[in-house]
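The structure appears below as structure tokens.
The values are calculated or read from the model by the stated rules, or taken from the named source; none is laboratory data. Computed from a prediction, not measured in an experiment: that's the story for all the values here. Here the Cβ positions follow ideal geometry from the backbone for every residue, glycine too, while neighbour counts run over all protein chains shown.
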Amino acid sequence: MIYGVVSDIHCHAWSLFSRINPDGVNSRLRITLNELERAATVVLANGGRTLVIPGDILHTRGTIDPEVLNPLRKTIEGILDDGVSIYAIPGNHDLKSEDSQELSSAIQNLAQISIEGAQFKIFNRVDVIAVEGQRLGFVPWRNRREDLLKDLETLAKQCQKPAETDVFIHAGIEGVLPNMPASGLTDKILGDFGFRHVFAGHYHNHKVMQHGVISVGATTHHNWGDVGSRAGFLLVGGSAGAVTFQDTHAPKFVDVSGMSEEDIQLGCDGNYVRFRGPQMTQQQITELREQFKDWGALGTSIEVPRAIATARAGAPRTAGVSLATSVQLFVDASASIPAHVDRARVKERAAEVLAASQAVYEDA
């Protein structure tokens, strides 16, 4: 059996770097839906007829935006009409409640789409099914790690042959994203259940781990938190269940700070770019944005300290020192700072706060 896995779609009417298309659909939502359609097309081209979504089809919890839902439904209808069935579990963003419940699931209405020859099925509780002879197990979002592990234990008993079963969850796994606090859920813990594969949505980075555990990653980049992450979808096939990553064709969020000019040009092409650097005047910011645009950037975010304009020739000079220097002198002279406190570190942190307060945040 060959099938696709696409996760963390986060359909949303994004404001940053978006516009309204002539058909009324948010441009970034359309890009996301195009990627969902592409995943189904690739599955069909490889002889498959199944797409699995391990959570977070929608983005905004507890609300349904008709300008998001209606284009999404139309896309789903098209995929089903092409003969591709979709099996999904709710992620935390799909729910109003803390845990998965049919009543509180915003994606439940998608299961009402009826197309002859294909189906959209949502699993709000632990279940296992056979599709074209392949066992697929589903564990919807659980807010507590302990409840997730109990559900996986139940599934392992229910499916009878764990080693022949691919399982789908929505949970953050340690080691997928840097700088994330320990969750207590590791690939070793998941691997001990003995499933052939465990595909996890939730963390927006594709990563193949040990013990058959795979973080699917998001369908596309969604915001600056996704810088450096791998986004796309998976193709699973063959008797051994070989997994192939398909990189997204959507624009990515790229931080070009500190890059060489050559790398910046590569980073700009077809992407949203962010630059953080030293003080710049408004003219310099404008020129830099235009340069990024010439190199193909679809959107730019320039975050730099605001440069104070130079006084015109002959203008009287104001006595005193700069605000930054005043802060440094204050720290040096302050008697209220305990002796054990590193004044150099205080001055360093104060300078960071001052720079942030004076920064120019310009998105275009």
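What pairs come out if I take residues in the stretch 43-70 that are assigned by TED's automatic domain parsing to the domain that holds Ala171 and pair them with residues that are of a type in the set (D, E, K, R) and surrounded by fewer than 23 Cβ atoms within 10 Å (Cβ to Cβ) whose C-beta lies under 8 Å away, six or more apart or interchain?
Sorted first by the residue in the stretch 43-70, then by its partner, the pairs are Val43/Arg49; Leu44/Asp82; Arg49/Glu132; Thr50/Glu132; Arg61/Lys96; Gly62/Lys96.
Considering Thr63, Thr75, Thr32, which residue is in contact with a helix residue (DSSP H, G or I) (Cβ under 6 Å, 6 or more places away or on another chain) and among the polar types (S, T, N, Q)?
Numbers: Thr63 fails: in contact with a helix residue (DSSP H, G or I) (Cβ under 6 Å, 6 or more places away or on another chain); Thr32 fails: in contact with a helix residue (DSSP H, G or I) (Cβ under 6 Å, 6 or more places away or on another chain).
The unique qualifying residue is Thr75.
Spot the failing condition for Leu266; the list is (1) aliphatic (A, V, I, L, M); (2) surrounded by fewer than 19 Cβ atoms within 10 Å (Cβ to Cβ); (3) modelled with pLDDT under 95, and only one is missed.
Against the list (1) aliphatic (A, V, I, L, M); (2) surrounded by fewer than 19 Cβ atoms within 10 Å (Cβ to Cβ); (3) modelled with pLDDT under 95, Leu266 comes up short only on (3).
Among the residues that make up the stretch 183-192, is at least one of them at pLDDT 95 or above and among the small types (Gly, Ala, Ser)?
Checking the stretch 183-192: at least one residue is at pLDDT 95 or above and among the small types (Gly, Ala, Ser).
Inside the stretch 83-99, can you point out the residues that are exposed (fewer than 15 other Cβ atoms within 10 Å of the Cβ) and part of a strand (DSSP E or B)?
If the condition is that a residue be exposed (fewer than 15 other Cβ atoms within 10 Å of the Cβ) and part of a strand (DSSP E or B), then no residue fits.
Taking the condition of being closer than 20 Å to Ser7 by Cβ, polar (S, T, N, Q) and surrounded by fewer than 17 Cβ atoms within 10 Å (Cβ to Cβ), how many residues in the stretch 110-144 meet it?
Total satisfying the criteria: 2.
Hey, among the residues in the stretch 100-124 that are assigned to a loop (DSSP other than H, G, I, E, B) and within 21 Å of the chain's Cα centre (by Cα), which one's farthest from Phe138 (Cα to Cα)?
Step one: list which residues in the stretch 100-124 are assigned to a loop (DSSP other than H, G, I, E, B), which gives 100-104, 106-107, 113-114, 116-117, 119, 123-124.
Okay, now just the ones that are also within 21 Å of the chain's Cα centre (by Cα), so 100, 106-107.
Working: Ser100: 12, Ala106: 18, Ile107: 16 Å.
Only one residue tops the list, namely Ala106.
Kindly indicate the residue of the stretch 215-231 that is of a type in the set (Val, Ile, Thr) and surrounded by 24 or more Cβ atoms within 10 Å (Cβ to Cβ) and also farthest from Val167 (Cα to Cα) among those meeting that condition.
Of the residues in the stretch 215-231, the ones of a type in the set (Val, Ile, Thr) are 216, 219-220, 227.
Imposing the further condition that a residue be surrounded by 24 or more Cβ atoms within 10 Å (Cβ to Cβ) reduces the set to 216, 219-220.
Values: Val216: 12, Thr219: 19, Thr220: 22 Å.
Among residues in the stretch 215-231 that are of a type in the set (Val, Ile, Thr) and surrounded by 24 or more Cβ atoms within 10 Å (Cβ to Cβ), the one farthest from Val167 (Cα to Cα) is Thr220.
Quick check, is Leu51 assigned to a strand (DSSP E or B) and either of a type in the set (A, V, I, L, M, F, W, C) or touching an Asp or Glu at 6+ places or on another chain (Cβ under 8 Å) (or both)?
Yes; evaluated as a whole, the condition is true for this residue.
Suppose we keep only residues that are in a helix (DSSP H, G or I) and of a type in the set (Gly, Ala, Ser) within the stretch 135-183. Which one would you say is nearest to Gly228 (Cα to Cα)?
First, pick out the residues of the stretch 135-183 that are in a helix (DSSP H, G or I): 145-159, 162-164.
Applying the additional criterion that residues be of a type in the set (Gly, Ala, Ser) yields 156, 163.
Details: Ala156: 35, Ala163: 33 Å.
Looking at residues that are in a helix (DSSP H, G or I) and of a type in the set (Gly, Ala, Ser), I get Ala163.
Would you mind finding the one in Thr219, Thr165 that is in the same structural domain as Asp94 (by TED's automatic domain parsing) and in contact (Cβ under 8 Å) with a residue 60 or more places away in the chain?
That would be Thr219, the only listed residue that is in the same structural domain as Asp94 (by TED's automatic domain parsing) and in contact (Cβ under 8 Å) with a residue 60 or more places away in the chain.
Quick check on my filter: what residues within the stretch 78-104 are touching a helix residue (DSSP H, G or I) at 6+ places or on another chain (Cβ under 6 Å) and modelled with pLDDT under 95?
Within the stretch 78-104, Glu102 is the sole residue that qualifies.
Just to be sure I understand, how many residues within the stretch 112-124 are of a type outside the set (Val, Ile, Thr) and over 18 Å from Gly201 (Cβ atoms)?
Of the residues in the stretch 112-124, 6 are of a type outside the set (Val, Ile, Thr) and over 18 Å from Gly201 (Cβ atoms).
Could you list, in sequence order, all residues of the stretch 6-38 that are in a strand (DSSP E or B) and more than 15 Å from the chain's Cα centre (by Cα)?
Hits for the stretch 6-38 are Ile20, Asn26.
How about the stretch 273-303: which of its residues are outside any helix (DSSP H, G or I), aliphatic (A, V, I, L, M) and farther than 20 Å from Lys252 by Cβ?
The answer is Met280, and nothing else.
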